[in-house]
Amino acid sequence: MSFFETQQLTKNFGGLTAVDALSFQVEQSEIFGLIGPNGSGKTTVFNLITGFYPISAGNILFKGATLNGLPTWKICKSGVGRTFQVVKPLRRMTVLENVVTSAFNHTGSLDEARNKALEVLEFCELIKKKDFPAKGLTIGDRKRLEIARSLATGPTLLLLDETMAGLTPQEQSEGVELIRKIRDAGVTIIIVEHIMHVIMSICDRILCINYGQEIASGLPEEVANNQDVIEAYLGKE
């Protein structure tokens, strides 16, 4: 039994099939990359996994249990966390307060939630900015706060959606280190990313999709050299 699995996962929006019978497996403690050109269905897959969209057909299995039809909050409580492409912190709250709100996913105690938030901020190297207003953070720190908020929910599977977008090369390098640190702490990761040198350096395996269908999967170097993948990104000419 795989740690996480989709079976013939399908999503239709009217006459448009955004995800088309997509099946893949992710093993525990793996960093699994999901790539593809813009509009290929990557974020839609994340939205299906986390219950933002109902699935049209297929199954989503996490630790052997189906996530089909569960509300988003129950999926989060089961151990699936995520970040979003466009980060939207609670702007008028401090960094610490932002993370405390997420920590309430597993406790009703303010003291416990605050302690969990402080632990996560230390882990994400944001502890020195815990009292900063979220609206004043740089894009790099907002991205890191987004990850911290997700970690505070207590995930064992974390979906990272373009966490490197807009970052400087130095920030990207630091972001890669943080992702590896998260995996080493026991969290399995599925990452969507357009910055190829990042995805190729960090992932154990990669799945490339286009029009919601698999076009290649395997080790990073295998996917990078696949002709169908090259044509999907660059065209045939």
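The values are calculated or read from the model by the stated rules, or taken from the named source; none is laboratory data. Computed from a prediction, not measured in an experiment: that's the story for all the values here. Counting neighbours? That spans all protein chains shown, and the Cβs are built from the backbone with ideal geometry, glycine included. With ligands, DNA and RNA removed, areas are computed over all heavy atoms of the protein, side chains included. Shrake-Rupley method; radii C 1.70, N 1.55, O 1.52, S 1.80 Å.
Quick one: count up the residues across segment 145-162 that are in a loop (DSSP other than H, G, I, E, B) and either without any contact (Cβ under 8 Å) to a residue 60 or more places away in the chain or farther than 21 Å from residue 29 by Cβ (or both). Talk me through it step by step, then tell me what you get.
Within segment 145-162, the subset in a loop (DSSP other than H, G, I, E, B) is 152-156, 162.
Pick out the ones that are also either without any contact (Cβ under 8 Å) to a residue 60 or more places away in the chain or farther than 21 Å from residue 29 by Cβ (or both) and you get 152, 162.
Summing the residues that are in a loop (DSSP other than H, G, I, E, B) and either without any contact (Cβ under 8 Å) to a residue 60 or more places away in the chain or farther than 21 Å from residue 29 by Cβ (or both) in segment 145-162 gives 2.
Looking at 222, 177 in this structure, which one is within 30 Å of residue 107 (Cβ to Cβ), out of contact with any Asp or Glu (no Cβ under 6 Å at 6 or more places or on another chain) and without any contact (Cβ under 8 Å) to a residue 24 or more places away in the chain?
Values: 222 fails: within 30 Å of residue 107 (Cβ to Cβ).
Of 222, 177, the one residue that is within 30 Å of residue 107 (Cβ to Cβ), out of contact with any Asp or Glu (no Cβ under 6 Å at 6 or more places or on another chain) and without any contact (Cβ under 8 Å) to a residue 24 or more places away in the chain is 177.
Quick one: residue 131 ticks every box in (1) closer than 22 Å to residue 104 by Cα; (2) open to solvent by less than 40 Å² (accessible area, probe 1.4 Å); (3) in contact with a strand residue (DSSP E or B) (Cβ under 6 Å, 6 or more places away or on another chain); (4) not small (Gly, Ala, Ser) bar one, so which box is it?
(2)
Out of (1) at pLDDT below 95; (2) on the phi > 0 side of the Ramachandran plot, the odd one out for residue 154 is which?
Condition not satisfied by residue 154: (1).
Scan 140, 108 and give me the residue that is small (Gly, Ala, Ser), farther than 30 Å from residue 38 by Cα and modelled with pLDDT under 95. Steps first, please.
Details: 140 fails: farther than 30 Å from residue 38 by Cα.
It is 108.
Out of segment 39-57, which residues are within 17 Å of residue 207 (Cβ to Cβ), outside any loop (DSSP other than H, G, I, E, B) and open to solvent by 10 Å² or more (accessible area, probe 1.4 Å)?
Let us first name the residues in segment 39-57 that are within 17 Å of residue 207 (Cβ to Cβ), namely 39-49.
Then drop every residue that is not outside any loop (DSSP other than H, G, I, E, B), which leaves 42-49.
Matches in segment 39-57: 42, 43, 44, 47.
Which of (1) surrounded by 14 or more Cβ atoms within 10 Å (Cβ to Cβ); (2) without any contact (Cβ under 8 Å) to a residue 60 or more places away in the chain; (3) within 14 Å of residue 160 (Cα to Cα); (4) not acidic (Asp, Glu) is the odd one out, the single condition residue 31 does not satisfy?
(2)
Check residue 102 against each of (1) under 21 Å from the mean Cα position of the chain (by Cα); (2) without any contact (Cβ under 8 Å) to a residue 40 or more places away in the chain and name the one condition it does not meet.
Only one criterion is unmet by residue 102, namely (2).
Would it be correct to say that residue 165 is within 19 Å of the chain's Cα centre (by Cα), among the small types (Gly, Ala, Ser) and not in a loop (DSSP other than H, G, I, E, B)?
Numbers: within 19 Å of the chain's Cα centre (by Cα): yes; among the small types (Gly, Ala, Ser): yes; not in a loop (DSSP other than H, G, I, E, B): no.
Spelling it out, it is not the case that residue 165 is within 19 Å of the chain's Cα centre (by Cα), among the small types (Gly, Ala, Ser) and not in a loop (DSSP other than H, G, I, E, B).
Go through 69, 36 for me and flag whichever is open to solvent by less than 20 Å² (accessible area, probe 1.4 Å) and modelled with pLDDT under 95. Talk me through it step by step, then tell me what you get.
On the way: 69 fails: open to solvent by less than 20 Å² (accessible area, probe 1.4 Å).
Step by step, each of 69, 36 is checked, and only 36 is open to solvent by less than 20 Å² (accessible area, probe 1.4 Å) and modelled with pLDDT under 95.
Rundown of residues vs (1) free of Cβ contacts under 8 Å to residues at least 24 places away in the same chain; (2) open to solvent by less than 40 Å² (accessible area, probe 1.4 Å); (3) closer than 16 Å to residue 28 by Cα, yes/no style:
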| position | (1), (2), (3) |
| --- | --- |
| 181 | no, no, yes |
| 185 | no, no, yes |
| 211 | no, no, no |
| 214 | no, no, no |
| 230 | yes, no, no |
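What number of residues in segment 40-59 are within 17 Å of the chain's Cα centre (by Cα) and more than 23 Å from residue 179 (Cβ to Cβ)? If you could, list the steps in order and put the result at the bottom.
To start, the set of residues in segment 40-59 that are within 17 Å of the chain's Cα centre (by Cα) comprises 40-53.
Filter once more, so that each one left must be more than 23 Å from residue 179 (Cβ to Cβ): 51, 53.
The number of residues fulfilling the criteria is 2.
Check residue 60 against each of (1) among the aliphatic types (A, V, I, L, M); (2) touching a helix residue (DSSP H, G or I) at 6+ places or on another chain (Cβ under 8 Å); (3) open to solvent by 30 Å² or more (accessible area, probe 1.4 Å); (4) under 29 Å from residue 202 (Cα atoms) and name the one condition it does not meet.
That leaves (3) as the condition not met.
I need every pair where a residue in segment 77-89 that is closer than 9 Å to residue 156 by Cβ has its Cβ under 6 Å from the Cβ of a residue that is of a type in the set (Ser, Thr, Tyr), sequence separation at least 6 or different chains.
79/156; 81/150; 81/153
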